[in-house]
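Notes for the one structure printed next.
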Amino acid sequence: MTRETSGPSAMETLLSTLDLEPIEVDIFRGRSPKVGWQRVFGGQVIGQALMAAQRTIEGERFVHSLHAYFMRPGDPSVPIIYQAERIRDGSSFNTRRVVAIQHGKAIFALSASFQVEEPGFEHQIAMPEVEMPEALLGEQQIKEQYLAHAPEAIRKYWQRERPIEIRPVSLTHYFSDRKLDPKQDVWVRATGPVPDDRLYQAAVLAYLSDMTLLDTSLYAHGTSIFDQSLQVASLDHSMWFHRPCKLDDWLLYTQDSPSASGARGLTRGSLFTRSGSLIASVAQEGLIRKKANE
């Protein structure tokens, strides 16, 4: 995809966003890119909070799980303060808690666990058989073939330069009100180089893990996150890191939504390398409700 400006790329901007400023012991300042969003993207807060936690870990110990709650929408116009707490430093595991603060109030909280690398039992589920990303429409082709008559919200989403490229195996959901099975497969990849650094690789993976999940829970209802009559927002997010990955190629993000009730939708996700290695698992519950007076 040809870039139209000479400024930093979207991936360079993301990496800069994840490079938190230390302002005190275990306290960091994070900023948001100026992309015109009304609230901070949830994946950004997850990635920044994970980076804050990682920077309090000494030695060769890497994140194996995180669990987070979104409490208030983030304001992209002001910095986010991340305060990390060293809950436990054990012989094999470390536990950290990070609270993100804006305007004097907590907007997000994350707990993460880190472990020394050690051998053990190995197994994983198989990657589903889907079309490879090269056989699918690229973002430029999607823009040319579908966006001219698409709703404004969809056009804005696809036209913005992003650090993560998305190639859905099926585009039916975006242009139809049919009720579909609540599952989808999406190929994702970084649009620029990610450092050969486990801390940044984990933070970028956490960032992209928040993409497309909420939409999957709406498949069964013939609508999408672009429906202006809906109020949608991430409520909580959990992630398990199984195997390291350099993020230098496409990843398959396969998702399913086993339940929606009480104005909430639950979605599960698995991230595979092209060769079929399961690198991470995700679960997220989100708010999906009709707006008042609609």
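The values are calculated or read from the model by the stated rules, or taken from the named source; none is laboratory data. Remember, it's a predicted structure, so these values are computed and weren't measured experimentally. As a convention, Cβ positions derive from the backbone with ideal geometry for all residues, glycine included, and neighbour counts pool all protein chains shown. Quick note on the areas: whole protein, heavy atoms, side chains included, nothing else; ligands and nucleic acids left out. Shrake-Rupley method; radii C 1.70, N 1.55, O 1.52, S 1.80 Å.
To the nearest 20 debye, what is the magnitude of the charge dipole of the chain about its Cα centre, counting +1 on the Cβ of each Lys and Arg and -1 on the Cβ of each Asp and Glu?
Result for the chain is approximately 900 debye, rounded to the nearest 20.
Hey, what's region 7-116 come to in accessible area per residue, 1.4 Å probe, Å²? Before the final figure, lay out each step's value.
Numbers: 5280 Å² over 110 residues.
Accessible area per residue, region 7-116: 48 Å².
Roughly how much of residue 291 is accessible, in Å² to the nearest 10, using a 1.4 Å probe?
Around 80 Å² of this residue is reachable by solvent.
Convex hull over the alpha-carbon atoms of region 241-293: what's its volume per residue in Å³?
On the way: hull volume 5.2 nm³, N = 53.
Spread over its residues, the Cα hull of region 241-293 gives 98 Å³ apiece.
What percentages, rounded to whole numbers, describe P(r) for region 157-198 computed over all alpha carbon pairs with 10 Å bin width beginning at zero?
21, 41, 27, 9, 2
Dividing the alpha-carbon radius of gyration of region 134-293 by 2.2 N^0.38 Å (N being the number of residues), what value is obtained?
Details: Rg = 15.7 Å, N = 160, 2.2 N^0.38 = 15.1 Å.
After normalising by residue count via 2.2 N^0.38 Å, the value is 1.04.
Based on the Kirkwood radius over alpha-carbon pairs, what value in µm²/s does the Stokes-Einstein equation return for the translational diffusion coefficient of the chain at 10 °C and 1.306 mPa s?
80
Give, in whole angstrom and from largest to smallest, the semi-axes √(5λ) of the equivalent ellipsoid of region 7-116, with λ running over the eigenvalues of the Cα gyration tensor.
Working: eigenvalues 117, 47, 28 Å².
They are 24, 15, 12 Å, listed largest first.
Connecting C-alpha atoms closer than 10 Å in a GNM of the chain, tell me which of 280, 106, 190 has the biggest fluctuation.
Of the options given, 106 has the highest mean-square fluctuation.
Distance cut-off 27 Å, Cα to Cα: go down the list 179/246; 143/179; 105/246; 34/290; 34/143 and report the pairs above it.
Table pairs above 27 Å Cα-Cα are 179/246; 105/246; 34/290.
Please list 64, 221, 237 in order of solvent-accessible area, largest first, computed with a 1.4 Å probe with all protein chains present.
221, 64, 237
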